[in-house]
1. Across segment B:156-183, what is the number of residues that are within 11 Å of chain A (Cβ to nearest Cβ) and either touching a helix residue (DSSP H, G or I) at 6+ places or on another chain (Cβ under 7 Å) or over 23 Å from residue A:229 (Cβ atoms) (or both)?
2. Condition test on residue C:87, is it in contact with a helix residue (DSSP H, G or I) (Cβ under 7 Å, 6 or more places away or on another chain) and more than 19 Å from residue A:183 (Cβ to Cβ)?
3. Could you please give the count of residues in segment C:54-76 that are farther than 16 Å from residue C:28 by Cβ and either touching a helix residue (DSSP H, G or I) at 6+ places or on another chain (Cβ under 7 Å) or crowded, with 18+ Cβ neighbours inside 10 Å (or both)?
4. Can you tell me which condition residue A:76 does not meet? The list is (1) surrounded by 14 or more Cβ atoms within 10 Å (Cβ to Cβ); (2) at pLDDT 95 or above; (3) within 14 Å of another protein chain (Cβ to nearest Cβ), and all the others hold.
5. Restricting to segment B:208-217, and then to whatever is touching a strand residue (DSSP E or B) at 6+ places or on another chain (Cβ under 7 Å) and within 17 Å of residue A:229 (Cα to Cα), can you tell me which residue is farthest from the other protein chains (Cβ to nearest Cβ)?
6. Name the residue, out of A:236, A:240, that is buried (at least 22 other Cβ atoms within 10 Å of the Cβ), over 19 Å from the mean Cα position of the chain (by Cα) and in contact (Cβ under 8 Å) with a residue 12 or more places away in the chain.
7. For segment C:159-202, name all the residues that are at pLDDT 90 or above, in a loop (DSSP other than H, G, I, E, B) and over 13 Å from the mean Cα position of the chain (by Cα).
């Protein structure tokens, strides 16, 4: 319902005084909050900087000059992380959806499919990623199959995708099963086939529901991508490690860590925005 | 509401500040750090190196560190205590020099990179193919050198690097080495290949990658090179030795904690073994095969 | 005049595990007829409707739609369901689609109707029920009565032969019930064939041509509303109606 176009009625004196008082108090509150935050940060900051251990900590972990020096190396490594991450994320979403759909097929005739899908998730959630990386990254080339690449980045990505799609498949499955059966009943009653029902009614709702969990897995995957470095490829962490091993100064690790945090933040905000948009469209939440 | 909160907040801030300044680390950056080379002339008399005067981890016992697994020809059967292998033999010779019987020696496993890190150690000295470098000397002590080392490029017969005869031939190849080693530094400084070297957690991983053809060649020290190509790789091949990156001969030394009270005595022990020919004898016994690889230019 | 009934149940039985929910049900709905199903909760009304549109498979008996046996396992249920419209107690609108998309989904996806044609038809239907301005909104923004009317429009979009209404006013606030019942009456006036389960006895009396009383899965009594509701023959029917009168719903 749109608000009426008429002007608000003139407020009584009592109400005007009440509002003036509340406004004044709100101003005072924000001033005090702002001031106390600034004071707090200043005091803590000064205390840290003046403490006797600070110069050593600063030079060992926060050497800005050295940090700048190693930044290009670490960024080059990070580029590998990013490439692998984006490709893996896409493949994981697709494969995860396929496996989840396979696991939620109804009817006795589909038992083998459900069984295989369940076996897949059990296996690849169970195997530690490191072991799978070694098995696929080093083991597969050892078989000397003609048509299979020995490129460690490709093999490492394969291991990562196999593992994470098992987790994501279970997340999708939870989403699918959380969609109320009455939705399916309504869709089937309209004459939609099982496939059409899944595609247009169940999956859109399922995916929306599990977005926060999916984001969680995505952010976790951002770190696990770095494990590919055990196969010889140099990612951001390995680049930092190589530098640290030479200089014995831990600043490169701090630099790499900060870059990873910076990577994680936009994805979190993006997912929040997408979620909020869907909610705003669908639900009449109001001021509650 | 904010007025009511500011007093507890202020109290918390003050106590936090007090806590932070109280946490000062055990301060030893006042003491002058050792910037001279590890081989300081022993200014201590031999009495200071008498067995009961040595400040070891455990009184009367010598604790020696090395990696697990421990590789040939430096150790044999991954058992440092059996005295076989060049480094095991040198370690027991040094122990004897310092007055420790074989039974007084304990071995502890220490990862290669963990030993080189700054910080307190759980061993008296570590013997694990550590090359003496200036950077490392900032954070740990080294004894006198007990072996002159060269970096060597190895490969397999089927690899693209098998036909290389000069450093230039290797520039276009995919090379590999263990992280944090002078082998890796040698690749980057001496060969400077056009594509980044592959860096592995251990030589075991690097060996597998070499066999799979995922790298074309691997760089390790000379004795290790001989052992790997002879005993571990199918169709292994030594391409050649690399000249040292800084022009000075690379050398292995025993590793000790920074400013350890044992450094001088241990160095003296190594020097004694060198002057009485023990080191040469042991090298003949354990590293004789490691000779005759071409030097790459 | 023995025209084929639109829907005919013949000896239908349904069991869930040990429990028999429908026993030997014979019921038919002739064209343009409105048949009301009444009975206590658990008497099998919803199950009967779910069997009629093949959401459940019957354990015995035959169901015929326009004379065709739809309980034959060789029949494609999706095709059959296009000819039957269903409206549920909980409306079951698709929350992630606008009202318009809810209505046009089946014609587009199932019957292959083009989008603009489907939307024109949908808007016409929505206009008829007074929901045209709500077309682009999402179901959550509509009141209960509006949602239920939208659900009815959705069920009509496929031009079904038969409408199954499963207690469509039971979840509504009393003041919203009226608008929905008005719509049903209009549909009847336009000649729609309807089988509805309901608690609204007054409405059943006004609108239904036949009232069927289900008790414990058995069709105990059926006939014109004045008789079944006014002078029921079976004692259990009387008991049921007495309870309804006490609850003030007759």
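The values are calculated or read from the model by the stated rules, or taken from the named source; none is laboratory data. Computed from a predicted structure; not experimentally measured. Every residue, glycine among them, receives a Cβ derived from its backbone with ideal geometry; neighbour counts consider all protein chains shown.
1. Of the residues in segment B:156-183, the ones within 11 Å of chain A (Cβ to nearest Cβ) are B:158, B:174-182.
From what is left, the residues that are either touching a helix residue (DSSP H, G or I) at 6+ places or on another chain (Cβ under 7 Å) or over 23 Å from residue A:229 (Cβ atoms) (or both) are B:158, B:175-180.
Number of matching residues: 7.
2. Numbers: in contact with a helix residue (DSSP H, G or I) (Cβ under 7 Å, 6 or more places away or on another chain): yes; more than 19 Å from residue A:183 (Cβ to Cβ): no.
Here the answer is no, as residue C:87 does not meet what is asked.
3. Going through segment C:54-76, the residues farther than 16 Å from residue C:28 by Cβ turn out to be C:54-57, C:59-60, C:72-76.
Subset that is either touching a helix residue (DSSP H, G or I) at 6+ places or on another chain (Cβ under 7 Å) or crowded, with 18+ Cβ neighbours inside 10 Å (or both): C:54-56.
So the count comes out to 3.
4. Going through the list (1) surrounded by 14 or more Cβ atoms within 10 Å (Cβ to Cβ); (2) at pLDDT 95 or above; (3) within 14 Å of another protein chain (Cβ to nearest Cβ), residue A:76 breaks only (2).
5. Pass one, segment B:208-217, residues touching a strand residue (DSSP E or B) at 6+ places or on another chain (Cβ under 7 Å): B:209-211, B:215-217.
Next, only the ones that are within 17 Å of residue A:229 (Cα to Cα) stay: B:209-210, B:215.
Numbers: B:209: 6, B:210: 10, B:215: 7 Å.
Among those residues, the one meeting the criterion is B:210.
6. On inspection, the qualifying residue turns out to be A:240.
7. The answer is C:159, C:190, C:191.
Residues checked against (1) touching a residue at least 40 places away in the same chain (Cβ under 8 Å); (2) within 13 Å of chain A (Cβ to nearest Cβ):
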| position | (1), (2) |
| --- | --- |
| C:7 | yes, no |
| C:13 | yes, no |
| C:28 | no, no |
| C:32 | yes, no |
| C:40 | yes, no |
| C:53 | yes, yes |
| C:60 | yes, no |
| C:77 | no, yes |
